[in-house]
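Novice: Got a structure here, written out as structure tokens. Questions coming.
What follows is calculated from the coordinates using simple rules that are stated; it is not laboratory data. All of these numbers come straight from a predicted model, not from anything done at the bench. Note that each Cβ is placed from the backbone with ideal geometry, even for glycine, and that neighbours are counted across all protein chains shown.
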Amino acid sequence: MHNGQAYSICLQHGDDPKPCLVALIDFEAHRGSIFFTADLPDRFAPFDYPLDEVIFSKLLADRDALIVHACGVEIDGQGVLFAGRSGVGKSTMAELWAKHGARVLNDDRVVIGVHDDQVQISGTPWHGTAGLALPLTVPLRRIYFLRHAEAISTHELSPIETAAQLVSLSVIPYWDSQSAQNAVDTAAGIVQLLSGTRLDFVPDLSVVEYIRHAIDSD
């Protein structure tokens, strides 16, 4: 519920209609309060997923950045993003690159944004099943959208296709119309600087060798 710049965010547990946690956030004043019941389920911490992600999706959108469902790795000082929905192989990709000596910024959610006309990615604390995360920011060199296949292949995407994929995989604060527009504008700005590639891959070290060869050939 919106009132000026103040929002109330409620979390429910199961079929219980009563919220187990309520956060009152005033983004303009940079402050807020969190209230929770004594029987808050163990799987919830007062400031934990999904509340932290909900709040940061707006804070980042208002600062030319997005939370995207992706594995991010740092290779020779530059970032490579492997984006996709749950189950597509982000954590597997992260583990493969970690075994190959790359630094993994996160295996599930990465921040992507534009700073000084350069696309950058940063690690977040919201890791996936591989449990890999680093507080690191690097310039982004390539964006890959993952798809399982029986053989490795790539297909270059147009800026419009890249933007559509990026928005569909990002955490957009739709509950705030201006911040949601900011997020879409950020995606549009990113693809003006860097287009994406669809990556059909086999989940073994052959994909690491394939990507390294592609980067070295640039």
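Novice: State, to one decimal in nm², a quarter of the convex hull surface area for the C-alpha atoms of segment 70-139, i.e. the direction-averaged projected area.
Specialist: 4.2
Novice: Report the full-extension gain for the segment Leu136 to Leu205: residue separation times 0.36 nm, less the Cα-Cα distance, to one decimal in nm.
Specialist: 22.4 nm
Novice: Using a Cα-Cα cut-off of under 20 Å, which lysines could be cross-linked to Lys99, ignoring same-chain neighbours fewer than 8 residues away?
Specialist: Counting by Cα, and skipping residues close in sequence, Lys99 has these lysines nearby: Lys90.
Novice: What are the ³J(HN,Hα) couplings of segment 97-109, residue after residue, when phi is run through the Karplus curve with 6.51, -1.76, 1.60 and θ = phi - 60°? Round to Hz, x for glycine and proline.
Specialist: Ordered by residue, 3J(HN,Hα) equals 5, 4, 5, 8, x, 7, 8, 9, 6, 5, 9, 9, 9 Hz.
Novice: Highest GNM mean-square fluctuation, the chain, Cα pairs closer than 10 Å: which of Pro139, Pro159, Pro17?
Specialist: For the chain, modelled as a Gaussian network with Cα springs under 10 Å, the answer is Pro17.
Novice: Enumerate the amide H contacts of Leu132 below 5 Å, restricted to partners 5 or more residues apart or on another chain; note that Pro and chain-start residues carry no placed amide H.
Specialist: It is Asp107, by chain and number.
Novice: Would you pull out the residues with amide H under 5 Å of Val119's amide H, same chain only if 5 or more places away, H placed 1.01 Å from N?
Specialist: For Val119, whose amide H was placed from the backbone, the distant partners under 5 Å are Leu140.
Novice: Continuing with the same structure: Roughly speaking, what % of Cα-Cα pairs in the chain are separated by over 20 Å, rounded to a whole number?
Specialist: Tail of the P(r) past 20 Å holds 60 percent of the pairs.
Novice: Taking every DSSP beta bridge that has both residues in segment 113-218, what percent is antiparallel when rounded to the nearest 5?
Specialist: 60
Novice: How much of the DSSP beta bridge set in segment 60-176 is antiparallel, as a percent to the nearest 5?
Specialist: 85
Novice: Now, a different point. Would you mind getting me the FRET efficiency between Asp117 and Arg212? Use the beta-carbon distance for r and R0 = 35 Å, nearest 0.05.
Specialist: Result of the calculation: an efficiency of 0.85.
Novice: Rounded to the nearest 5, what % of the DSSP beta bridges within the chain are antiparallel ones?
Specialist: In the chain, approximately 80 percent of DSSP beta bridges are antiparallel ones.
Novice: Quick one: Karplus J couplings for segment 187-198, per residue in order, coefficients 6.51, -1.76, 1.60, θ = phi - 60°, nearest Hz, x for Gly and Pro?
Specialist: 4, 5, x, 4, 6, 6, 9, 7, 8, x, 9, 7
Novice: Then there's this: Work out from phi, with θ = phi - 60° and the Karplus expression 6.51 cos²θ - 1.76 cosθ + 1.60, the ³J(HN,Hα) of each residue of segment 28-35, listed in order in whole Hz, and give x for Gly and Pro.
Specialist: Coupling constants for segment 28-35: 5, 8, 6, 8, x, 9, 10, 10 Hz.
Novice: Using packing as a proxy for protection, rank 148-156, 95-103, 193-201 so that the peptide with the highest average count of other Cβ atoms within 10 Å comes first.
Specialist: My ranking of the peptides, most packed first, is 193-201, 95-103, 148-156.
Novice: Give me the distance in nm between label points sitting 7 Å out from Cα along the Cα-to-Cβ direction at His30 and Asp48, one decimal.
Specialist: With each label placed 7 Å out from Cα toward Cβ, I get 2.8 nm.
Novice: Okay, next question. For the chain, what's the relative contact order in percent, using C-alpha pairs closer than 8 Å and at least 6 residues apart?
Specialist: Contact order relative to length: 18 percent.
Novice: Can you give me the C-alpha center-to-center distance between segment 47-94 and segment 102-130, rounded to a whole angstrom?
Specialist: The two parts, judged by their Cα centres, are 5 Å apart.
Novice: Among Asp218, Asp176, what is the fewest-to-most ranking by other Cβ atoms within 10 Å?
Specialist: By the 10 Å Cβ count, ascending, the order reads Asp218, Asp176.
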